[in-house]
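The values are calculated or read from the model by the stated rules, or taken from the named source; none is laboratory data. Just so it is clear, the model here is predicted, and its values are computed rather than measured. Cβ coordinates were reconstructed from backbone atoms using ideal geometry, including for glycine residues, and neighbour counts include every protein chain displayed. Accessible surface is based on the protein model in full, side chains and every heavy atom, while ligands, DNA and RNA are left aside. Shrake-Rupley method; radii C 1.70, N 1.55, O 1.52, S 1.80 Å.
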Protein chains: 2
Amino acid sequence: MRIAVDAMGGDYAPAVVVEAVADALRMFPDVDILLVGHLEKLAYYLQKEHLKEGPHLKLVHAEEVVEMGEPSTTSIRAKKHSSITVCATLAAEGKADAVISAGHTGAAVAASKVKMRILKGVDRPAIATFMPAVGGRFILVDAGANTDCTPLNLAQFAIFGEVYAQMFLNIEKPRIGLISVGGEDIKGNELTKEAFKILSNMPINFVGNVEGHDMFFHSADVVVCDGFSGNLVLKTAESIASAIRQWLKESIMKNAIRKTGALLAQQAFADVKAISNFEEYGGAPLLGLNGVCIIGHGASTPKAVRNAIKVANDFAKRGLPSRISTRIAECGIQFAPPTQHSTAAEPQQNSPLTKQL
Amino acid sequence: MRIAVDAMGGDYAPAVVVEAVADALRMFPDVDILLVGHLEKLAYYLQKEHLKEGPHLKLVHAEEVVEMGEPSTTSIRAKKHSSITVCATLAAEGKADAVISAGHTGAAVAASKVKMRILKGVDRPAIATFMPAVGGRFILVDAGANTDCTPLNLAQFAIFGEVYAQMFLNIEKPRIGLISVGGEDIKGNELTKEAFKILSNMPINFVGNVEGHDMFFHSADVVVCDGFSGNLVLKTAESIASAIRQWLKESIMKNAIRKTGALLAQQAFADVKAISNFEEYGGAPLLGLNGVCIIGHGASTPKAVRNAIKVANDFAKRGLPSRISTRIAECGIQFAPPTQHSTAAEPQQNSPLTKQL
């Protein structure tokens with residue numbers, strides 16, 4: 001599998017990305033990497049990691065980078081030679097089997113939509129991410145790709161999550177919940193009330209509305225929401241976990257007995273940190289695309305980027321996109337007009353961006 | 001101060017409420033309580049707590065209760081003799097200085113709006129709640145009263161939070177942030193992007209968009225959002241805190257050394273639990289009303305209800321509603337048409353509901 005990695009994406013790029021690529025090449029012998037970035041800016045880090053082009057590593061030049069503060073859509077139009085656009089173009093032209101970026105999420109979503117295309121019948125792709133819960137894990141979708149959604153979007157996200165859970169959690173009929181502010185069907189906002197009606201009529205294992213407590217105590221395998229809410233849940237969970245570690249540390253440092261106790265129980269703290277350290281989870285797939293795009297956490301560590309490469313490799317090997325198309329059709333929730341969508345990842349012409357390959 | 005307490009509101013009502021009232025009467029000698037509920041159903045609990053009518057306690061009968069699963073608005077129309085409606089009517093008629101309910105939030109909001117009326121220039125009241133952060137506390141508003149909001153609503157919520165922070169946190173110019181999915185001004189959904197523009201032009205200390213990490217590391221004193229998002233933040237924070245305690249416990253129980261360590265450090269765990277145990281925070285005011293209404297957590301403990309009584313007493317003594325009206329006018333963000341709103345808490349006629357007083 002050939003994975004196009006955006007070397008310039010992430011808060012600590014390109015250093016962290018190059019380090020992760022070096023690790024991945026050692027650890028995953030079946031992975032070929034196309035490292036995409038500004039070659040002059042990468043030279044120092046490549047040398048540091050003793051990385052050179054070879055059978056498993058190709059370097060692809062990209063003149064520009066989308067900076068974190070830029071609007072997603074204009075960034076794609078204004079920066080046609082950005083590293084994320086080059087990555088998406090490689091995938092669209094069949095030169096890469098998957099794309100990874102830990103950079104500007106909006107730009108990665110926009111570039112993937114434009115270059116790799118959206119699946120037939122799908123309105124918008126969404127980010128699906130694993131979240132920890134007491135008693136298991138759940139998939140949160142959309143975790144931040146779409147800030148404003150329609151009820152149909154939410155219904156489609158349910159299918160993304162269903163297929164993801166079937167293929168990656170091995171759950172035949174995943175329990176699908178809808179994020180709301182009350183367990184009762186009558187509660188929610190205009191969006192969730194309409195989505196509830198559609199979900200109730202789909203041939204899926206819909207378990208109704210879920211609130212915070214339901215989610216984190218594993219009463220659903222897939223939790224569906226708009227990307228604004230999903231991102232809020234993700235960020236709040238990350239932040240409160242981090243705040244709790246800080247409060248605990250401050251209280252422990254107050255006296256010697258507590259310090260001793262904490263030392264004896266340190267493995268328990270490490271266990272919990274590992275569960276609640278979302279940054280280490282690696283990448284989250286952008287589902288609904290005609291191809292594989294993995295979005296990394298902005299603050300990704302080398303381990304997280306390496307995990308994202310592994311996830312991308314797993315995804316590229318399986319036929320997840322076509323399974324999503326089938327289920328969307330089975331559930332009768334196709335988005336019209338279908339003329340705007342391509343039906344298969346037909347290799348496009350060689351663009352000047354990627355002609356070096 | 002006379003506080004009308006909804007005896008039937010909350011997951012463990014009326015037992016917990018009656019216990020809290022008994023405690024409050026002992027602890028706060030300046031509080032008079034009007035305990036509102038079905039007198040037959042209360043009798044057992046009153047006897048258990050040795051509570052009888054007296055100079056500081058009046059019992060008020062209410063025939064009905066709004067159950068948790070009922071729609072808010074129809075519940076108010078269909079159950080005109082519910083305990084929450086009787087509480088709000090007592091306040092509207094000047095027989096109570098404040099109202100408390102830990103029951104159906106939507107019903108409490110609806111009853112307060114109808115009976116106590118909304119402040120002049122205000123479109124909708126909102127729930128403001130204290131949240132813990134590393135380095136201080138912040139006020140989250142709206143924490144769940146309005147699932148669908150307009151940009152003007154969010155601008156008004158900012159004023160509710162500003163006045164609350166000024167009067168209860170003693171901060172002269174509270175830093176006001178807007179919940180969004182990105183620190184950059186360009187990020188957010190349609191609602192927050194419009195609200196951002198209004199907030200930027202108001203004479204307040206607006207610090208821009210805030211995300212999870214900003215919130216829980218205290219980069220704003222007041223955090224503004226729609227009630228759906230606010231409730232999601234509140235529930236997610238509560239739940240992940242509870243999940244972390246569970247994970248920690250499971251890991252600690254795995255061996256004796258960890259158990260010993262946890263025992264030595266137990267005060268640190270207790271400290272953190274106290275910070276992150278939202279249920280104990282007591283009541284959250286519904287701001288924007290022409291009067292005082294305190295909403296309790298559904299799962300309120302006796303301590304939480306007692307705290308809510310204390311908060312209600314504090315609120316009733318201060319002139320918070322009039323200060324909100326003034327600031328709304330100063331900021332030029334009045335809601336039209338004003339004809340639907342009353343200007344002052346004019347005592348209304350005695351209704352059959354409350355004629356017993």
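Protein-only accessible surface at a 1.4 angstrom probe places the residues A:Met27, B:Met167 in the order A:Met27, B:Met167, largest first.
B:Met116 contributes about 10 Å² of solvent-accessible surface, heavy atoms of the protein only, 1.4 Å probe.
Would you compute, from DSSP H runs of 4+ residues alone, the mean residue ellipticity of the protein assembly as shown at 222 nm, taking -39500 (n - 2.57) per run and dividing by the full residue count, rounded to the nearest 500? Theoretical 222 nm ellipticity from helices: -14000 deg cm²/dmol.
Ligands, DNA and RNA are left out, and with a 1.4 angstrom probe the accessible area of chain A is 39 Å² per residue. GNM, chain B, Cα, under 10 Å: largest mean-square fluctuation among B:Ala243, B:Ala220, B:Ala107? It is B:Ala243.
Largest GNM mean-square fluctuation across B:Gln267, B:Gln156, B:Gln334, computed for chain B with C-alpha springs under 10 Å, falls on B:Gln267. When the Gaussian network model of chain A links Cα atoms closer than 10 Å, the mean-square fluctuations of A:Gly227, A:Gly177, A:Gly54 top out at A:Gly54. Contact residues in the stretch B:136-172 (at least 40 Å² less accessible area with all protein chains than alone, 1.4 Å probe): B:Thr147, B:Asp148.
Taking amide hydrogens as placed 1.01 Å from N in the peptide plane, the amide H of B:Thr150 sits under 5 Å from that of no residue at least 5 positions away in sequence or on another chain. Taking θ as phi - 60° and the Karplus parameters 6.51, -1.76 and 1.60, the scalar couplings of the stretch A:187-199 work out to 8, x, 9, 4, 4, 6, 5, 5, 4, 4, 4, 5, 4 Hz in sequence order, x denoting glycine and proline.
Would you be so kind as to identify which of A:Thr129, A:Ala158, A:Ala274 lies farthest towards the positive end of the dipole of the stretch A:127-279, taking Lys and Arg as +1 and Asp and Glu as -1 on Cβ and the Cα centre as origin? Comparing the listed Cα positions along the dipole, A:Ala274 ranks first.
Checking the cross-link pairs A:Lys187/B:Lys235; B:Lys113/B:Lys235; A:Lys79/A:Lys115; B:Lys120/B:Lys193; B:Lys80/B:Lys115 against a 18 Å limit on the alpha carbon distance flags B:Lys113/B:Lys235; B:Lys120/B:Lys193 as lying beyond it.
Using a probe of 1.4 Å, the accessible surface attributed to A:Thr105 totals some 50 Å² when neighbouring protein chains are kept in position. Here the Karplus relation 6.51 cos²θ - 1.76 cosθ + 1.60, evaluated at θ = phi - 60°, turns the backbone of the stretch B:45-58 into coupling constants of 6, 5, 4, 4, 8, 6, 9, 9, 4, x, x, 9, 9, 10 Hz, with x for every Gly and Pro.
Here the protein assembly as shown has 53 percent of its accessible surface on carbon and sulfur atoms, given a 1.4 Å probe and all protein chains in place.
Residues A:Lys41, A:Lys310, ordered by accessible area of protein heavy atoms at a 1.4 angstrom probe radius and largest first, appear as A:Lys41, A:Lys310.
Summed over both chains, the accessible area lost when A and B associate is about 5100 Å², using a 1.4 Å probe. For B:Phe138, the amide hydrogen comes within under 5 Å of the amide hydrogens of B:Met131, B:Ala133, counting only partners 5 or more places away or on other chains and with H modelled in the peptide plane.
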